[in-house]
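S.K.: Dropping a structure here in C-alpha cells format, bear with me for questions.
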Ligand SMILES: Cc1cc2nc3c(=O)[nH]c(=O)nc-3n(C[C@H](O)[C@H](O)[C@H](O)COP(=O)(O)OP(=O)(O)OC[C@H]3O[C@@H](n4cnc5c(N)ncnc54)[C@H](O)[C@@H]3O)c2cc1C
C-alpha cells in the first residue's frame, strides 16, 4: 500500500497503545489518522501479555482512567463485531502477613472512595472463590468483582477495527526511520516507503519508544526486562470464570486460560534485557526460558496452588516488556519537541490501561492540554538525565519487582543513586543524614545519631520520629539549617519577561526589584499548573523558584507561552545556586554573627530579598519561611556553599543550631497549612478550592490564563475544599492517602501528613468533597481510615487558629 503524503496525525506503533490512541482520536472526530507498524499489529509486546485487567490504581484520576478502560472493553465487541476475550471474572488478592492485610484494607477503603466495588473477605471465602488455592496460611483477602481479563491480541485487533471503521488508516510493514522537524516542531516522518507530513506525531512504539524518541532528540526513559509466565494444561476445577488471583507476598498472579492456568509474577530482582538497540525485526518473538530466574515465582506458586506439582507445564514464556524509572507509564507532549506525543512505558499494565490512556492522549492532542491531572504519568516528570542507559537498566531490575513487593510508606528506591547531589552531600552524610531522592536529587530526610543505622520501614510510628522531633524543636525554639538546594530555579530575562509572567501568573507580578511574589500559574480550567515563588531581581530579570520535581514541567509550561515576537529568555539555573534555609527564632541572631548587613525587620521586610555578606561570600537572602515562623532562605552560588555552611555552623554552635531534613520541613509546613504542589495543588484544583484566594488578583490590569474559569466559579458551590485534619489520638501515626470519613461518608483523601509539635499529634491536609466542602469547619469531628481502623480527627478550615 502506498502511503499518503500527509495525515493530520501519524501514530508510530501498532500495539494496544497505538490502536487505542487511534480509536479514541477517531471517536473525537479526528479521522485523518495514519498508524504505521513496522511488523504486524500486536507483534511487539501486546500479543504475549497475560491479559489481567484490574481497576485499582494508586490515585483517583488514574483509577478513573482504568475504570473507563473496563467499560470500553466490556462493550467493544458489540461495537466492532470482533471478540476481545473480555470476561468480568473478578479478582481475589490475598495477604500472607498482617502488614499486607493492612495494605489491602487501605485499598478497600480507597476503592470505596474512588467508586470501585471492593470487599474484604476471609481466607475461607477466598478459598471458595478460588478452590485450587491453599488458604491455611493467609491473613486475609479482598475481592474486586468488577476486575477481569481479556485476550490482549484480540482486544488490540478490536480497537484497530473500531478505529478503521471510523476512517483511520493502518499500514503494517512500515518502519518509521526518522522524524522530520521544523522550528522545534515535529512535522512528519520518514520511511523507506516515503515521507509523510503531519501536524501531530504520537510515539506508541512500546519498548522501542526510547530508541525511536532519540531519533528526534526526545527522552523516553524506559528499558526492557525479561518477563515471565507459565501456561499449564487443563487442571480440574479451573473454569473460564475463575477469578484472577494475586498473591503479592509470593510475587505471583494467576489467570485461567483454556481450562488451565497462566501463572506469572514480579520477582524482587528482575533481569533487564540488555538489547540495545532492539531490532525492528523482533516481531512475534520471545526470549529463551530461564528457570533459574523463574524459580522464586515457581516455588511460591507450588506453595499457593499445590495442583501445579502435577499439572502439565506447557511452556515458560519469556517476553520483554518495558519499565520506567518510577514504575509509572509515560504520557504527554514531549518537552523537547512540539506536536510530538508519547504514550509508552506501561510497566506490564498496558493491556489494563491502554483503553483509558488512549482516551486521555486523544483528549490531550485535541484539547491542547490534558483533560485532568496526569502528573503521575506525565513525560515532563523526567529530566534529560533519566535517559542514561546504565541507570535505566539498574533501575528496571528494581522497579519490576515493586509491583508486588510490600511497599512501605516513604520507602525509597535504591538503584542509580546517589546521582544529583548538593555540595554538602558528603558533609551531611558524615553527620548522619539519611537521604531520600527526588527528581534524582539526594535530600536529607532526617539525621540519625552517630553509629545508628536506618530504622526499618513500618506502617506504624517510625523509628526516626524522635530524631525528627528534635529537628523540629530546634526550628521552633532555636535555629535549624535545611539544605534545599534541589529547588528548581528558572531565570526569566528580557524586555517582555514581566508581560509574560503577568499572562501566566494569577498574582500581581509588577512589583519592585527585590520583592518576592508567591503565585499560582493556572490552566484554562482554573487548575493550578504550578505554584511559584518569583523574585524580581531587576526591571527585566526574574528568578523563579519552584518545586524540585517540576523543573522540566514548569520550564515547558512557561517557555511554550513565549510568543515568537516576545523578548524573553528562560534558562534553567537550578545547578548554579544552593539554597540554605536558616529557620527559627534565632535565625536573625545567627546571621548577624556572620553578616554585617542589616537583617532587622526594617532592614529586610518579609517577602523581600537582598544581597548580603555571609563570611567571605556574597549570597542573596530572602526573608521567607516555608516551615512557618522567622527565617531566611539563602541563595548561595554553588561554589561558596561549603564556605557559607561552615561559617553558619561555626557561629551557631552556642545558639543550638541543628541540621534538619525534609521530614521535619514537610511536617512543619503542613502544621502551618502551607500547600505543596503535587500534593494539595495540581491541575484539578483551583485556588478557590485550595484556599489560595490571597494569591489571586482578579483586578490586576493584565489578563491571565485561567481568569475566566475563576470568575465563573466565583460564588458557586465548591466541588471540594482543602481542610486541616488534627488527629485526636497522639499515638496514631498516618502516612498519607488515607480516606477521610465525614458523617459516615468517604469524602476525600489525605494529601499530606506529618507530626506536629504544636498539636502533639499528626496533622494532615486533605480535600473534603460534596456538602462538606461548603460548610465551615472549625472543629468538625470526622474520621480517617488508617489501615482498616477508624481514627478520630478534627477538621478545621484554618489551623492553627490565627
Ligand atoms: C509476560 C508479560 C505479561 C504481561 N501481562 C500483562 C497483563 O496481564 N496485563 C496488562 O495490562 N499488561 C500485561 N503485560 C504488558 C503489556 O503486554 C504491555 O504493556 C503492552 O502490550 C504494551 O503495549 P504497547 O502498544 O505500548 O507496545 P507494543 O505492543 O510493543 O507495541 C509497540 C509497537 O510499535 C512498533 N514499532 C516500534 N518502533 C517502530 C517504528 N520505528 N516504526 C513502526 N513501528 C514501530 C512495534 O513493532 C510494536 O508492535 C504483559 C507483558 C508481558 C511481557
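Every read-out reported here was derived from the displayed coordinates using simple, explicitly stated rules and does not represent laboratory data. What you are looking at is a predicted structure, and each value in this text was computed from that prediction instead of being measured. Neighbour counts are summed over all protein chains in view; Cβ atoms, including those assigned to glycine, are modelled from backbone coordinates with ideal geometry.
S.K.: Compare the peptides 647-656, 512-521 by average per-residue count of other Cβ atoms within 10 angstrom and give them in order, highest first.
M.R.: 512-521, 647-656
S.K.: Taking R0 as 22 Å, what FRET efficiency do you get between residue 426 and residue 560 from their Cβ-Cβ distance, rounded to the nearest 0.05?
M.R.: Numbers: r = 38 Å, r/R0 = 1.74.
That gives a FRET efficiency of 0.05.
S.K.: What order do you get for 374-383, 229-238, 106-115 when each peptide is scored by the mean count of other beta carbon atoms within 10 Å, highest first? Don't skip to the end; give the middle numbers.
M.R.: Working: 374-383: 22.4, 229-238: 17.0, 106-115: 19.9.
Averaged packing, sorted descending, gives the order 374-383, 106-115, 229-238.
S.K.: Taking the Cα atoms of segment 29-79 alone, what are Rg (to one decimal) and Dmax (as a whole number) in Å?
M.R.: 14.5, 36
S.K.: Once you have a ≥ b ≥ c as the square roots of the Cα gyration tensor eigenvalues for segment 464-617, tell me rounded if a/c is under 1.5, and otherwise prolate or oblate according to whether a/b is larger than b/c.
M.R.: prolate
S.K.: Could you give me D for the chain, from Stokes-Einstein at 4 °C and 1.567 mPa s, where the hydrodynamic radius is the Kirkwood radius over C-alpha pairs? Units µm² s⁻¹, please. Don't skip to the answer; put the middle values down first.
M.R.: Values: Rh = 28.0 Å.
Translational diffusion coefficient: 46 µm²/s.
S.K.: Give me Rg over Rh for segment 263-373, both radii from the alpha carbons and Rh done the Kirkwood way, two decimal places.
M.R.: On the way: Rg = 18.5 Å, Rh = 17.2 Å.
Taking Rh as the inverse mean 1/r over Cα pairs, Rg/Rh reads 1.07.
S.K.: Would you mind giving the three semi-axes, in whole Å and largest first, of the ellipsoid equivalent to segment 47-112 according to its Cα gyration tensor?
M.R.: Largest first, segment 47-112 gives 28, 15, 9 Å.
S.K.: Find how much the distance from residue 286 to residue 215 grows on full extension, using 0.36 nm per residue of separation minus their present alpha carbon separation; answer in nm with one decimal.
M.R.: On the way: separation 71, 0.36 × 71 = 25.56 nm, distance 2.58 nm.
Contour length minus the Cα-Cα distance gives 23.0 nm.
S.K.: Report the full-extension gain for the segment residue 124 to residue 712: residue separation times 0.36 nm, less the Cα-Cα distance, to one decimal in nm.
M.R.: Details: separation 588, 0.36 × 588 = 211.68 nm, distance 5.39 nm.
Taking 0.36 nm per residue and subtracting the Cα distance, the gain is 206.3 nm.
S.K.: Kindly give Rg over Rh for segment 534-584, based on alpha-carbon atoms, with the Kirkwood expression for the hydrodynamic radius.
M.R.: 1.01
S.K.: Using helices alone, I'd like the mean residue ellipticity at 222 nm for the chain: each DSSP H run of four-plus residues gives -39500 (n - 2.57), total over residue count, nearest 500.
M.R.: Details: 18 runs with 200 residues, N = 802.
It lands at -7500 deg cm²/dmol.
S.K.: Just to verify a number: FRET efficiency for residue 71 and residue 654, C-beta to C-beta distance, R0 = 51 Å, to 0.05?
M.R.: Working from the Cβ atoms, E equals 0.15.
S.K.: Looking at segment 607-652, what % of the alpha carbon pairs are farther apart than 11 Å? Could the numbers behind the result be given before it?
M.R.: Details: 691 of 1035 pairs.
Percent of Cα pairs beyond 11 Å in segment 607-652: 67.
S.K.: Helix 465-477 against the longest principal axis of the chain: what's the angle in degrees, Cα atoms only, rounded to the nearest 10?
M.R.: 30
S.K.: Then there's this: Which order do the peptides 138-144, 422-428 take when ranked by the mean count of other beta-carbon atoms within 10 Å per residue, highest first?
M.R.: Result, highest mean Cβ count within 10 Å first: 138-144, 422-428.
S.K.: Given N residues in segment 225-305, what is Rg(Cα) / (2.2 N^0.38 Å)?
M.R.: Its radius of gyration relative to the 2.2 N^0.38 Å reference: 1.24.
S.K.: I would also like to ask the following. In degrees from 0 to 90, rounded to the nearest 10, what is the angle of the helix 350-367 Cα long axis to the longest principal axis of the chain?
M.R.: Approximately 60 degrees, to the nearest ten.
S.K.: List, largest first, the extents of the alpha carbons of segment 558-632 along their principal axes, each in whole Å.
M.R.: Largest to smallest, the principal-axis extents are 49, 28, 22 Å.
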